[in-house]
Amino acid sequence: MRHRVAGHKLNRPTGHRLSLYRNQVTDLLRHEKIVTTEAKAKEVRKLAEHVITLGKDGTLHARRLALSQVWGNDVLDKTFKELKERYASRPGGYTRITKLGPRLGDAAPMVQLELVK
């Protein structure tokens, strides 16, 4: 039974899955939009919104927590400066998922995950 079990495994080992999430969160915050599968986007959305909320907090502890989810200080600086100002008055919902249709190779549902302006 899967009662109260959060998240998707995506048929990957734990280390690979966590690295995938971290890479996609970093790319989303760096480029402000990514194209990926629907299942991956729904998981990455949770992590990205949490990192942006930590950026709004702005404390050293929040910065260290965010660094555990993001590769590179350039993306972290962008989150704690630019995105902090952009979403200062917004209480959540920093991302948007737009469906694009099936992928040609395997018909996986593709989406565009982007930051809301």
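The values are calculated or read from the model by the stated rules, or taken from the named source; none is laboratory data. Computed from a prediction, not measured in an experiment: that's the story for all the values here. Neighbour counts are summed over all protein chains in view; Cβ atoms, including those assigned to glycine, are modelled from backbone coordinates with ideal geometry. Ligands, DNA and RNA are excluded from the accessible area calculation, which covers all protein heavy atoms including side chains. Shrake-Rupley method; radii C 1.70, N 1.55, O 1.52, S 1.80 Å.
DSSP loop trypsin sites (Lys or Arg not before Pro) in the stretch 33-107 with at most 13 other Cβ atoms within 10 Å of their Cβ, which ones?
ARG103
Show the residues, 5+ positions off or on another chain, whose built amide H is closer than 5 Å to the amide H of THR95.
Distant-sequence amide H within range of THR95: VAL116.
Could you go through the stretch 20-33 in sequence order and give the Karplus-derived ³J(HN,Hα) for each residue, using 6.51 cos²θ - 1.76 cosθ + 1.60 with θ = phi - 60°, rounded to whole Hz, and x for Gly and Pro?
4, 4, 5, 5, 6, 5, 4, 5, 5, 6, 6, 9, 6, 6
Could you state the accessible area per residue of the chain in Å², with a 1.4 Å probe and every protein chain left in place?
That works out to 63 Å² for each residue.
Can you compute the charge dipole magnitude of the chain about its Cα centre, using +1 on each Lys and Arg Cβ and -1 on each Asp and Glu Cβ, nothing else charged? Give it in debye, rounded to the nearest 20.
In debye, rounded to 20, the chain gives about 340.
Relative contact order of the chain, please, whole-number percent, based on alpha carbon pairs below 8 angstrom and at least 6 residues apart. Can you show the working numbers first?
Details: 145 pairs, mean separation 35.1, N = 117.
It rounds to 30 percent for the chain.
How much of the accessible area of the stretch 49-92, probe 1.4 Å, is carbon plus sulfur, in whole percent?
The computed percentage sits at 54.
Got a sec? What order do ASP106, ASP27 fall in by accessible area at 1.4 Å, biggest, i.e. largest, first?
Values: ASP106 95, ASP27 60 Å².
So, going from the largest accessible area down, we get ASP106, ASP27.
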